[in-house]
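To start, the structure itself, in structure tokens.
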Amino acid sequence: MDYKVTSVTAEQTRNWGKYLAAYLLPGDVLALIGDLGAGKTAFAQGIGEGLGVTRPMASPTFTLIHEYEGQCQGTEIHLVHMDLYRLQHPHEVEVIGVEESFSGDSICLIEWPEIAEDYLPENRLDVEILGSGEQPREIVFHGNEGNWEQRITAMIHSKEEKLGGS
Ligand SMILES: Nc1ncnc2c1ncn2[C@@H]1O[C@H](COP(=O)(O)OP(=O)(O)OP(=O)(O)O)[C@@H](O)[C@H]1O
Ligand SMILES: [Mg+2]
């Protein structure tokens, strides 16, 4: 099942990442899907903020993989932020060690995940951001397997309660 939310500004997109961070668990893998400039990095930065990452998170466009220290559910984790845009062939996914980042003490965020399709775990969360430029964005959450549905509905309900109360 897909869950959709709307974001009108880059800050709102970042905030959705921050809200989601509260529901993440060590070992999670998230595929961030969307066109150039959709807001994948903004969303990833929000997740970083929510996981207590203090170093600024720049786009890994040229370096492919960035790693940060954060906290998730009271434990120390590595937040791995990848951008596979520049890869040309699925074989390179193995060469740069994408799979090594899928570990129980890491949370892994992958921009441009399409080329790594065959290597991604089934129980990942897909986050697709539709829209670009100054258009409002639609953020679609799609959990393939696992308990993503419960986690995403809990996140959306908690956000609605906050909005309703203010
Ligand atoms: N609602 C919105 N959500 C996200 N970004 C927005 C929104 N409205 C405008 N923007 C702008 O769109 C751009 C999104 O940039 P960002 O680097 O996050 O995209 P990206 O999907 O990571 O792109 P790339 O594919 O190049 O990595 C920023 O310049 C941001 O200010
Ligand atoms: Mg990006």
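Points to keep in mind about this one:
- Among (1) farther than 13 Å from D28 by Cβ; (2) at pLDDT 95 or above; (3) of a type outside the set (S, T, N, Q), the one test that I96 misses: (2)
- Any pair with Cβ under 9 angstrom, 6 or more apart, that starts in region 6-28 at a residue that is over 13 Å from G48 (Cβ atoms) and ends at one that is of a type in the set (D, E): T6/E138; S7/E138; P26/D105; G27/D105
- Subset of region 1-16 that is assigned to a loop (DSSP other than H, G, I, E, B) and open to solvent by 70 Å² or more (accessible area, probe 1.4 Å) - its residue that is modelled with the lowest pLDDT: M1
- Per-region count, region 73-95, residues open to solvent by 50 Å² or more (accessible area, probe 1.4 Å), assigned to a loop (DSSP other than H, G, I, E, B) and under 25 Å from D35 (Cβ atoms): 5
- Residue ID - most open to solvent (accessible area, probe 1.4 Å), chosen from residues in region 129-155 that are within 16 Å of ligand 2 (Cβ to nearest atom) and either over 17 Å from G39 (Cα atoms) or outside any loop (DSSP other than H, G, I, E, B) (or both): L130
- When region 70-93 is limited to residues that are more than 21 Å from T41 (Cα to Cα) and polar (S, T, N, Q), the one that is modelled with the highest pLDDT turns out to be T75.
- Contact map, region 125-136: residues that are at positive phi paired with residues that are open to solvent by 70 Å² or more (accessible area, probe 1.4 Å), Cβ distance under 9 Å, separation 6+ or inter-chain. Pairs shown: G131/D35; G131/E138.
- Condition broken by G146, with the remaining ones in (1) on the phi > 0 side of the Ramachandran plot; (2) under 18 Å from the mean Cα position of the chain (by Cα); (3) in contact (Cβ under 8 Å) with a residue 40 or more places away in the chain satisfied: (3)
- Residue check for L109: within 16 Å of ligand 2 (Cβ to nearest atom), in contact with a strand residue (DSSP E or B) (Cβ under 6 Å, 6 or more places away or on another chain) and not in a helix (DSSP H, G or I): yes
- Count of residues meeting criterion [within 13 Å of ligand 2 (Cβ to nearest atom), of a type outside the set (F, W, Y), more than 13 Å from W112 (Cβ to Cβ) and out of contact with any Pro (no Cβ under 9 Å at 6 or more places or on another chain)] in region 8-45: 6
- Members of region 17-72 found to be loosely packed, with under 14 Cβ neighbours inside 10 Å and out of contact with any strand residue (DSSP E or B) (no Cβ under 9 Å at 6 or more places or on another chain), listed by number: L36, G37, P56
The values are calculated or read from the model by the stated rules, or taken from the named source; none is laboratory data. Here the structure is a predicted model, which is why all the values come from computation and not from measurement. Every residue, glycine among them, receives a Cβ derived from its backbone with ideal geometry; neighbour counts consider all protein chains shown. Protein only, heavy atoms only, side chains kept; ligands, DNA and RNA dropped before computing areas. Shrake-Rupley method; radii C 1.70, N 1.55, O 1.52, S 1.80 Å.
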